[in-house]
Each structure stands twice: as C-alpha cells, then as structure tokens.
Amino acid sequence: MCAAEPPVDLRVELAGLTLPGPLVLASGIWGCCAETLARAARDGAGAVTAKSCSLQPRAGHPNPTVLDWGAGLMNAIGLANPGAAAEQEILRQARAALAPLGVALIASVFGHTRADFAAAAQLVAAAQPDIIELNISCPNVEGEFGRPFALDPVAAAGVTAAVRRVYAGRLFVKLSPNAPDIVAVARAVADAGADGLTAVNTLGPGMIIDVRARRPVLANRVGGISGAALRPVALRCVYDIAAAVKLPIIGTGGVSSGDHALQMIMAGATAVGIGSALYGEGSGAFRRINGELAALMRQEGIARLADVQGVAHG
Ligand SMILES: Cc1cc2nc3c(=O)[nH]c(=O)nc-3n(C[C@H](O)[C@H](O)[C@H](O)COP(=O)(O)O)c2cc1C
C-alpha cells in the first residue's frame, strides 16, 4: 500500500477574494469572449482577466499581429476591442458561468486620458466584475510627450485616482517592466488607492526581421515581448515591488510551469498570471501547471502557498 500523499491547498486569498487556485488568465490572450473565459476557469484558472477594453471600439493593427520567435511571443494586437459598452455583455455572461466555479472575474480597461479610463471603468463596473484592472501601458495624450502612464509615477497615480473616484470596488493596476523605476510607480498607485497590482505587462517593444522579405515580420514592425524571455525581468519586478509595497501582486510574465509559478510566489506574488503559455497549448496549460505546482509543493513539504509567499526575501 502507498503512503498517503501529504495534502496541499492551492487556494489563495487575493484582496479579500478566495480563489480556488493561484493561476490567473492574463489579459488579452484568451479573454475575448465569455466562452473562452469560462473554459479557462473550467480548466483550472482561479481568476480570469478579460481582454482590455476602451471607451470606444478599436480595430487594432493589421496582421500579422503575433509572432512566436522561439524564446517567447512578440505581439502588436493594437488593443483591438469592441468598446466598454459591448464588453459589459461579455462580462455579464462570463460572470454567470464563473460564479458556480468560485472563479473570480477581472475586467481590464485602458484609455488615453484619465477621463476615458474613468468612463470605461464605470461602464464595465455595471457588469459587477470582482476586480477592475487598469492597463496603463498606453500613451497618455494629456502628457507633454504622450508617454505611457505606466512609465511615470505621477501619471500612473493620476489615472488610478481618477478611477478610484468613480469606482469603489477592487481596483488593480497593471505595471510595465519598461518603467525606469517600477517600485516608484507601484508606490504611487498604492497611495492613489489601488487595492492590488499586476506585474507585469509586455517588455520592449522588440523587433524580428524576415531576411527574405527584408522587412520586420509584424505589420506594426515592433511588438511587446512576453513569454520565456520576459520571465527573469518579471520575477525581479515582482521581487522589488513586494519588498516595498504591501499590496497583493498578480505576478505575470513567462510563467509556463509549476516551478515558475512557485518562483513568483516566493518572490512575493499572491497569485500568478498565465498568458503566452496558453498560446500553443490552450487552456489545458492551467491544469498542467496546477498539477506540477501541487507535486512540487508535496516534494517541498509546502501545505499552502501563503506559507512560502515572499520567502525568497530571506
Ligand atoms: C497576444 C497578447 C495580447 C495581450 N493583450 C493584452 C491586453 O489586452 N491587455 C493587457 O493588459 N495585457 C495584454 N497582454 C499582456 C499579457 O496580459 C501579459 O501581461 C504578458 O503577456 C506577460 O505574461 P506572459 O509572459 O505570461 O504572456 C497581451 C499579451 C499577448 C501575448
């Protein structure tokens, strides 16, 4: 007879929500419709993030928009989305499908002004997601140089405060690894009223050239880097933020195994975002990564993820 395996508990507490597991579908990869959000939940995501939406619909960039270049993905989707009003219905349907599973729903909004962010957030709030995430990696057209909000602590805090004024629910802000000082941005949005952070969005932009065509592969020429190449950068960002800011973090960037997920938790994340790993594998990646994580926890004698959250800080 085999000895009974020690029990492991994959549940995590994220900003007052109990998630059935630590893995979170990252925005933009599968979250375009209620059916794919629900499928990710059925396959083992503890929370799912919808595709980022803006106040007005956006067509995005022409194809090709995503490239697997061997060490990750490069994408220039151009934030194509149906607009926040249409997104409401997607979120309502997703919420109904997720509720029996106990899986949390995260809506994601972006804009080019503080007012656009606030208006989009108000629209998606009507669908009652568990969390609204602000994707601040887009240009601030009110700023002097139109730099992304995410690069500047003052701009990032301004947009967080603008949404906080109109939305009393759980508010997460998604940070960029391109920020010259990501910890300063994290501190600023925490002071402006964020309840949590998602770290990180894509790195770059980068470029790959097709030498036969003699031009960049992506129609947009450049795109954001995600997947394996981003992982060490994302992990360092999570580690630095966790040391400085006492907000829950969804550690995101290049995670594709149970070992990678545990590294994020040990760096200080409460939950772990999964994006590019789904690209080739589909949402079955959630089940596989959960299985690997549980096996690793058994091997290491870890009963609950909270027991090792942030342990890498010593
Ligand atoms: C094809 C694609 C589309 C994405 N779209 C969005 C988006 O709409 N909003 C957003 O906040 N992040 C978006 N991201 C960034 C991911 O949510 C994630 O932060 C990033 O890819 C790093 O995680 P990963 O390495 O696990 O993919 C997108 C990434 C990819 C690859």
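The values are calculated or read from the model by the stated rules, or taken from the named source; none is laboratory data. Note that the coordinates shown come from a computational prediction; the quantities given were computed from them, not determined experimentally. These area figures cover heavy atoms from the full protein model, side chains too; ligands, DNA and RNA do not enter into them. Shrake-Rupley method; radii C 1.70, N 1.55, O 1.52, S 1.80 Å.
Calculate, in whole percent, how much of the Cα-Cα pair population of the range 137-182 lies beyond 15 Å.
Of the Cα pairs, 42 percent sit more than 15 Å apart.
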What fraction of the DSSP beta bridges in the chain is antiparallel, stated in percent and rounded to the nearest 5? 35 percent
On the accessible surface of the chain, probed at 1.4 Å, how many percent belong to carbon and sulfur atoms? 54 percent
Springs between alpha-carbon atoms under 10 Å, Gaussian network over the chain: tell me which of 12, 238, 124 tops the mean-square fluctuations. 12
For the chain, accessible area per residue (1.4 Å probe, heavy atoms of protein chains only), Å²: 42 Å²
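Run the numbers for residue 243 and residue 303: contour at 0.36 nm per residue of separation, minus the present Cα-Cα distance, in nm.
19.2 nm
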Prolate/oblate/rounded label for the chain (Cα gyration tensor, a/c 1.5): rounded
If you build the convex hull over the alpha carbons only and average its shadow over all orientations, what do you get for the range 112-207? Give it in nm² to one decimal. 6.0 nm²
Please report the spacing between the Cα centers of the range 240-303 and the range 158-212 in Å, no decimals. 19 Å
Just 65, 252, 270 to compare: in a GNM of the chain, with alpha carbon springs under 10 Å, which one fluctuates most? 65
When the chain is treated as a Gaussian network with springs between alpha carbons less than 10 Å apart, the largest mean-square fluctuation among 110, 145, 286 is found at 145
